[in-house]
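Notes follow once the structure below has been shown.
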Amino acid sequence: MNAKRWVCMPILIAGLLCGSSTYAGEPGPQKIRLTSLPGRPLPVVAAEMNGTFAKFGIEVEVSPAPNSDAMRAALAEGKADIAHAAVDNSVAMVELTGSDVVIVMGGEGSLNELFVQPDIHSAGELRGKTLIVDAVNTAYALQMKKILLLNGLQAGRDYEMKPYGATPQRLVAMREHKEFAGSMLGPPASIVAKREVCVSHGLRKKRIGRYQSYGAFVQRKWASEHKDTLVGYLAAYIEAQRWLMGPANKQKVIELMMKESKIPADVAAETYGVLMEGHGGYAEDARLDLDGFKNVLKLRAEVEGQWDGHPPAPEKYYDSSYYSEALAKLKGAK
């Protein structure tokens, strides 16, 4: 090979390397591992479908948990970065296991109802029966304890609580095992239950009041170390929830519900009406209902005797700064 060719080759190689370096230097999507209960959060599905995560440089891997114990363990052990479920799970992690987790966003209120087998005609007839829950000391199990306390029944003394898994699993269990006298169910499971002749003993909110249900929570350390990623994720989630609640997208959302929850069109349409068009379901901009969250803490204090019956301020468990930055990011993106 002549000298001229040897001189040209390093120049060519250097040019290729520079081009390669420029391409490699472009930031790739930030990966987030998500655990959720039950199933995949609908805003996450919508954000993936509509390219919203990609827009904010986020790539999400979702691993739905079979029950809240598994979900909380995944977050505590660092196997997941963000958890989506009833936010009382986050409070339980702090108070019962000492985990340093914090709620960073709301999402939904609670529309759970107490459902019982058709041969049960009053709360009093649950005495001596077995009722199934996800976990006996968090979220909707506490709602059920409160409802039954108002009817003179105390868990452990008057009825047994059996942990069984997430809402869809409990619906199937009540269908197949008539010895399971009741459970708390929310839509779409509650809508299916009514059609299968399970009986509702009244909306939860009539007995308990406003209740912050679904939300997102993370380990504080992870949040501080991945602030930009978390803010981008929250922004994408909020934008996706806006899309879900937009009246123009109603039919698309109903079809999405049918696919994700494997429910017929009429059940999906009724679920849409309850969650999107009613009161207490999906929250505008996935905002956390602070009064509803105070009621979460109040219920835990009353039913479980936490904090000697005097709940602390909600700010102990909720950091609104990431959510506020996400809203600002969305505003700036317009």
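Observations, loosely collected:
- Bridging of K250 to lysines at a Cα separation below 25 Å is possible for K55, K194, K259, K262, K331, K334, once same-chain residues fewer than 8 apart are set aside.
- Among A46, A248, A86, the residue with the largest mean-square fluctuation in a Gaussian network model of the chain, with springs joining Cα atoms closer than 10 Å, is A248.
- Rounded to whole numbers, the Karplus 3J(HN,Hα) couplings from phi for region 207-224 are 9, 10, x, 4, 8, 6, 9, 6, x, 10, 9, 9, 6, 4, 4, 4, 4, 5 Hz, using 6.51 cos²θ - 1.76 cosθ + 1.60 with θ = phi - 60°, and x at Gly and Pro.
- Cβ-defined net charge surrounding R220, 9 Å radius [Lys, Arg +1; Asp, Glu -1]: -1
- With a cut-off of 15 Å between beta carbons, the residues surrounding F53 carry a summed charge of 0, where Lys and Arg count +1 and Asp and Glu -1.
- When only Cα pairs below 8 angstrom with a gap of at least 6 residues are kept, the chain shows a relative contact order of 24 percent.
- Long-range amide H partners of V133 with built H, under 5 Å: K162, Y164, G165
- In degrees, nearest ten, helix 250-261 long axis to first principal axis of the chain (Cα): 80
- The modelled label-to-label distance between D266 and W307, using points 7 Å beyond Cα along the C-beta direction, is 4.6 nm.
- The length gained by stretching the chain between V199 and R157 to full extension, at 0.36 nm per residue less their Cα-Cα distance, is 12.8 nm.
- Cα shape, region 56-163, gyration tensor, a/c 1.5 rule: prolate
- Shape category assigned to region 129-174 from the gyration tensor of Cα positions, a/c cut at 1.5: prolate
- For region 139-245, fraction of C-alpha pairs farther apart than 23 Å, in %: 47
- Shape call, region 194-334: gyration tensor on alpha carbons, a/c limit 1.5: oblate
- When DSSP beta bridges are restricted to pairs lying wholly in the chain, around 50% turn out antiparallel.
- Over every Cα atom in the chain, the radius of gyration and the widest Cα-Cα span, Dmax, amount to 23.6, 99 Å.
- Cβ crowding within 10 Å averaged over residues, with 139-148, 156-165, 296-305 ranked highest first: 139-148, 296-305, 156-165
- Summing charges over all other residues whose Cβ lies under 10 Å from the Cβ of E302, with Lys and Arg as +1 and Asp and Glu as -1, gives +3.
- Cut-off under 5 Å, modelled amide H: who pairs with M105 long-range: A216
- Proximal lysines to K298, defined as alpha-carbon separation beneath 25 angstrom and excluding residues fewer than eight positions away on the same chain: K145, K146, K162, K205, K206, K316
Every read-out reported here was derived from the displayed coordinates using simple, explicitly stated rules and does not represent laboratory data. Keep in mind that what you see is a predicted model, and the values were worked out from it rather than measured. Every residue, glycine among them, receives a Cβ derived from its backbone with ideal geometry; neighbour counts consider all protein chains shown.
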